[in-house]
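Report on one structure; see the data block that follows.
Please treat every number below as a calculation from the coordinates, not as lab data. All values derive from a computational prediction rather than experimental measurement. Positions of Cβ are backbone-derived with ideal geometry, glycine not excepted, and every protein chain shown enters the neighbour counts.
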Amino acid sequence: MATFLYSLGRAAFRWRKLVTLAWIAIMVAVGLAAAKAPAAPDDGFAMPGIESQKALDLLEERFPDSGADGATARVVFIAPNGDKVTANENRKTIEAFVDEAADGSRTASVSDPFTTKAVSKDGSAAYATVTFTADSGDLTDADKKHLETAIDHAKAGSLTVEVGGDALATQPSAGGSAEAIGIGIAAVVLLITFGSLAAAGLPLLTAIIGVGISMAAIIALGSTFGLSLTTGTLASMLGLACGIDYALFVVSRFREERAKGHTPTEAAGLAVGTAGSAVVFAGLTVVIALAGLSVVGIPMLAKMGLTAAGAVLIAVLICLTLVPALLGFWPNAVLSRAVRKGTRTANRADNSGEHNGGTRWARLVVRRPLAVLLLGVVALGALAIPAADLQLGMPGAESKPTTTTERRAYDALADGFGPGFNGPLTIVVDTKGSTDPEAAVTTVTRKIAATDGIVSVSPANFNQAGDTAVLSATPATSPTDARTMDLVQTIRDERPAVERQTRATYEVTGSTAMNIDVAEKFQSALVPYLIVVVGLAVVLLMLVFRSILVPVKAALGYLLSVLAALGAVVLVFQHGYGAELLGLETTGPIMSMMPIFLVGIVFGLAMDYEVFLVSRVREAYVHGDRPGQAVVSGFRTSARVVVAAALIMIAVFSGFVGSGESMIKTIGFGLAAAVLFDAFIVRMAIVPAVLALLGDRAWHLPAWLDRLLPNVDVEGEALTRKHAAPAAESRHQAPTPVSP
């Protein structure tokens, strides 16, 4: 692989104009396709195999004209202090709203609060439900404008009017200014690392190009494959972070090969053949981990994983082709200022890491490996303890900022009608097997109404065929309360006896039950997925490092960093420690899909740092260094770049903490914490400590296994031997100009 990539790097460098034009053509073509593509759909969530989804499917089948798929808006009217919505003027305002909203061309129905008993007991609040004939993604601006106008007219009186539901839901920003700050920090880190504007700007430029192509492709394919806004946000997050890091490694290796006296063309080939080999391996681990999300059985998760994997794949391709091509335009500009001006010779630049921070740190770890190892393990272990309290869920309007009308509507309904009003349980009763459907439904209704934790049960509504009924049960606790989860389980546990008595079957669904079922499915899939990912890490690293203990050490370190990151997420987003610093107004269950994303994404990133660090250590060991000295030699050349890469990742991921969407905020924080723990505690401390303690045993591989495993040569050892650096005297020459 290294030899092939060496040839690819040289070719891209020589044919730089053609390669650059090819990527520009791709960018333009995808951009035009995105511009002509229909609008992306709203986030959809289907979960095959769970009870609440089966009940929803039955509802759609038995109530085809119910408009269950249509968008809804729950308009909440709040009377001023000391007043009531039933007062004459307030009542007229609400009735006028109902009449005006009902005139919409795609309005299916508007409920009147005074005829549907949608007025709170104290008269302080009331609500009207507006149902449309189309889902929220198909509503036109005119449809929304008609409802907004009716709401504005209602606001003209003394009532406060807030709106929930999906019809007029505000779209959260992906990251905004915080994301731009993250990119700015990445630029500063690159500038400090390289000491060259060109070297700092090139990784940013290529990463932005990659993200632009990825996002345009997602928009172009959005309507065809049902790709959502959230899908694109995750892809941009990973595409940007991986794109910067991968280009960083190649540019850094190019500078290193130039420092050894290689010509620009040769240095580009060697950089792509060595660092590019590690990029391919690291990128593939990320792609495999993300694509593996499709086996969990959740369509939305599969889409997010596959599109993010596509963004990472584009980042890898750009790194292997466009980066060396752009280096061909500025072969000397990416070198440090001292080398360009000739104040530091290439040979001195090559040896400048003899006493750098990476060297000093590695020597400290090698002298005190046991103390460093114990300190790192204890620190991560302590952070991982809160992960045992992980509670998964699907936060809704209650997790949005109070600046949104959805959150204010949620709070008003909870105050006026009780905390469980925002999450009613929908009971779907199938009476096809019963001889007396009405009696069967009555028995089911009474049983559910008598269940502890149920405040009220609505009258049953039969379909036209008379073989299915639907009723609504309001819990006493909020949708995210653990007691609500227990209540749903209690209703389901009581079901067999009732079904034997009535010969009718019933299932529990609704947003609350759906969220509970989704959380349980994610939780049950988390451990098997983690086992698969850890096993994959061991196998892949065994191929790379020709060792058994090194892969096991890497996998255990990855497991530590993931659990510590989950613990940090629980502390902040579930228990509320430091939540106000992140602009988090409400704490509660962690987004159900977040832990699986964290496991998959951090796996790829952890393998990045493992490969780039340990491959240089192994290279030094193979060339004759003793185990401890090999650690120092490896850190001398790679620690600074890995630290820069980790800081860039943390900066980019932290930018997404500014998102208005709780899932993106949580994922951004979790990934930033995971990179911090994995790069600086696991890879920079625990890994060298373990290598120093193991000594020669770290690189042992049984002969029979060595014969079975293919030699992938990620370090490009054979390539380095074949293309040795020029003689020492040639290294004192000034940077070689690019050949015409």
Interchain or long-range residues, amide H under 5 Å from Ala108's placed H: Thr131, Phe132, Thr133
Charges only on Cβ, +1 for Lys and Arg, -1 for Asp and Glu: so what's the dipole of the chain about the Cα centre, in debye to the nearest 20? 4240
Cα-projected label distance for His153 with Val622, points at 7 Å along beta-carbon direction, nm: 7.8
Among Thr133, Thr86, Ala102, which residue has its Cα positioned farthest towards the positive end of the charge dipole of segment 72-165, with +1 placed on the Cβ of Lys and Arg, -1 on the Cβ of Asp and Glu, and the dipole taken about the Cα centre? Thr86
Arranged by the count of other C-beta atoms within 10 angstrom, fewest first, what order do Lys54, Lys145 take? Lys145, Lys54
What lysines could a cross-link reach from Lys260, if we take a straight Cα to Cα line under 16 Å and drop same-chain neighbours fewer than 8 places away? Lys722
Rounded to the nearest 500 deg cm²/dmol, what is the calculated helix-only ellipticity per residue at 222 nm for the chain, with -39500 (n - 2.57) per DSSP H run of length n ≥ 4? -20000 deg cm²/dmol
Which listed pairs, of Lys303/Lys665; Lys447/Lys665; Lys521/Lys665; Lys84/Lys144; Lys54/Lys121, have C-alpha distances above 31 Å, in listed order: Lys447/Lys665; Lys54/Lys121
Need one word for segment 72-165: rounded, prolate or oblate. Basis is the Cα gyration tensor (sqrt eigenvalues a ≥ b ≥ c); a/c below 1.5 gives rounded, then a/b vs b/c decides. prolate
Based on the alpha-carbon gyration tensor of the chain and its eigenvalue square roots a ≥ b ≥ c, which shape applies: rounded if a/c is under 1.5, prolate if not and a/b is larger than b/c, or oblate? prolate
Calculate the length of the line joining the C-alpha centroid of segment 675-689 to that of segment 205-242, in whole Å. 30
Residue farthest toward the positive end of the dipole of the chain, with Cβ of Lys/Arg at +1 and Asp/Glu at -1: which of Ala73, Ser638, Ile664? Ser638
If you place +1 on the Cβ of every Lys and Arg and -1 on the Cβ of every Asp and Glu, how big does the dipole about the Cα centre of segment 449-600 come out, in debye to the nearest 20? 640
Percent RCO, i.e. relative contact order, over segment 72-165, from Cα pairs under 8 Å lying at least 6 residues apart: 46
Among Arg407, Arg258, what is the fewest-to-most ranking by other Cβ atoms within 10 Å? Arg407, Arg258
Sort 697-703, 646-652 by packing, meaning the average of other beta carbons within 10 Å per residue, with the highest value first. 646-652, 697-703
Using a 10 Å cut-off around each Cβ, can you sort Arg707, Arg492, Arg408 from fewest to most neighbouring Cβ atoms? Arg707, Arg492, Arg408
Over the chain, what is the percentage of antiparallel beta bridges among all DSSP beta bridges, to the nearest 5? 95
In a shell of Cβ-Cβ distance under 15 Å around Asp411, excluding Asp411 itself, what net charge do Lys and Arg (+1) and Asp and Glu (-1) give? -1
Note, segment 633-639: 3J(HN,Hα) by Karplus (6.51, -1.76, 1.60, θ = phi - 60°), whole Hz, Gly/Pro = x, goes 5, x, 6, 4, 9, 10, 4
Straight distance only, please: which aspartates and glutamates reach the Cα of Lys400 with their own Cα at less than 15 Å, same-chain residues fewer than 8 apart left out? Glu162, Asp166, Asp411, Glu580, Glu585, Glu661
